[in-house]
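Contents: one structure, followed by commentary.
Computed from the coordinates by the stated procedures, all read-outs in this text should not be read as laboratory data. These numbers were taken from a predicted model, which means no experiment stands behind them. In this analysis, Cβ positions are derived from the backbone assuming ideal geometry, glycine residues included, and neighbour counts consider all displayed protein chains.
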Amino acid sequence: MHPTDNTLANLLDLFPARRSPRLTRRSFLAGIACACAAGAVGTLGACSPTRSQDASGSALTSADQANERSSDAAATSQEPLRETLFVFDTVVTLTAYCDEALMRKACERCQYFEERFSRTREGSDVWNINHASGTAVEVAAETVDVIKRALEYCERSGGLFDITIGAVSQLWDFKTGIVPDDAAIQSALPHVDWRTVSVEGSSVKLADSQAALDLGGIAKGYIADDLARLLEEGGCTSATINLGGNVFALGTKPDGSNWNVGIQDPNAPATTSVIASLSCRQTSVVTSGLYERTFTIDGVRYHHILDPKTGYPAVTDLVSSSVASASSTDGDAYATWMFLLGRDGALALLESTEGMQGLIEDAQGEIAMTSGAQFVLR
Amino acid sequence: MSKKKNKSKEQPAAEQKTARGINVIVGSIIAGIVLLSLAFWVANSSFGEDDVSTLRAIVHDSDNNAYELPLGEDATLEVSTEAGSNTVVVENGEVYVSQADCENLDCIHQGRISSPGQQIICLPHKMWIEVVEAGQASGQMDADATPSGYDSISR
């Protein structure tokens, strides 16, 4: 292998969480090859990943990749780059018509947010705030920003949406299916109160030392907006950003036509069946569903959307709520808030908000959408 | 009905001959169309998009390895990394996870997949499986882990 190739491969190894390393390395190297051939960085975007079919059932080695590189350089121009990462406790898929450098920037940005917004990662901004015993903590500008946005929703929703749900949510384990003791929930509940959060300049403080932030209801939306901005500023006009089902359809398809975003069927979560779709451009589509992160014990189903007033999974007549909006931050917060409001309240909320389209499915399997919404039912 | 019959009886012999000739030609054309359709149908059913011989499962593990399994050949692949183990099985043109040592077994519950663009994801082990068509790039826009016709799925 050429020494330069080794260096490039090592550089790319900085991102171990990446799910499509083979595509990445090959497309990146193909990009370099194209750039060399054309003598211009601007042509990087014309190079794209391809995948040849070989080495059945065996691990593909870097030698295999090296052999395939030459054919990559001749790849067609109409294919996007795609990256898949395991971050934010979910799967992130970025598909963009852009150059490799911009895609790398977007991936690094995901890692940046992972290191700041995670409640469970020691040393993250949120972790530091939660473990500061009531003292102020200096945090990144984005952390301040997302908390400020979240607090607006806490206030507007009268505490139905509450980012200090962390005191309770840290007791639940939806992965292994553990219901906390009722006594533990009851003693944590008084510490769920967004008014304990104060932001001053670049520092954040929880006045209640036992309170804890959990940005789960808004962080993905905020990050989707940020990634969309980053790609746009880098000159990308065509991409889909999917943060574990939280979608931002950036710009249009390369031919100028709309993106087609499907809404997951909440009753068939393990499959890829959809109940509706939305033809859209430059739009965020966020869905909250009871089917994600659930478990059943003794016939009782527990889902992950907790009610800040009870500390238990929200009692709601909705099984799925979707919001299409210009801002994914808004869409994410709304989708969670709508759940706590229930069917009628959710529809009324969206009807009263300009620029938002909503689609909900209730426990009876009835699907409804806000007036003027352009979802097409399957 | 009887009128028509009478009319044809009254036709001169030369006209009848011509009519028979046309009948033969029309008949041949219809037979040709039927045969052609049949040929297309046979061709489609053997070489159509559901033909598993063109499909492959690509298994990605957390150590950045990628394994390719043709869906046309039954096989079992043990994927073990520091994150954990999954047993991937190809059977009757479908791929699925039969065993895993994670706690929620989501990967097993995701069932069997066999169409291009479909995926199975094991979050705790950072392992994922995708189905791709031979000779096609897996990173195509319309194969964004979604059923065909959708660019992305909101869930």
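The alpha-carbon of residue A:309 sits under 12 angstrom from the alpha-carbons of these aspartates and glutamates, leaving out residues fewer than 8 places away in its chain: A:162, A:193. Spin-label model, residue A:366 to residue A:294: label points 7 Å out along the Cα-to-beta-carbon direction sit 1.9 nm apart. Electrostatic tally near residue A:134: other residues with Cβ closer than 13 Å to its Cβ, Lys and Arg +1, Asp and Glu -1, net 0.
Each of A:302, A:222, B:150 has some number of other Cβ atoms within 10 Å of its Cβ, and from fewest to most they run A:302, B:150, A:222. Here's the list of aspartates and glutamates a cross-link from residue A:105 could span, going by alpha-carbon distance under 13 Å and ignoring same-chain residues fewer than 8 apart: A:83, A:226, A:232, A:233.
So which of A:175/A:205; A:175/B:126; A:148/A:205 end up more than 20 Å apart by C-alpha?
Distance filter (> 20 Å) returns A:175/A:205.
At an R0 of 30 angstrom, the distance between the Cβ atoms of residue A:115 and residue A:301 translates into a FRET efficiency of 0.35. Between residue A:229 and residue A:207, the distance separating the two model label sites (each 7 Å from Cα on the Cα→Cβ line) works out to 2.9 nm. Percent relative contact order of the range A:201-305, based on C-alpha pairs within less than 8 angstrom and at least six residues apart? That works out to 18 percent. With r as the distance between the Cβ atoms of residue B:53 and residue A:310 and R0 = 45 Å, compute the FRET efficiency 1/(1 + (r/R0)^6) and round to 0.05. In this case the efficiency is close to 0.25. Spin-label model, residue A:186/residue B:29: points 7 Å from Cα along the beta carbon direction are separated by 8.7 nm.
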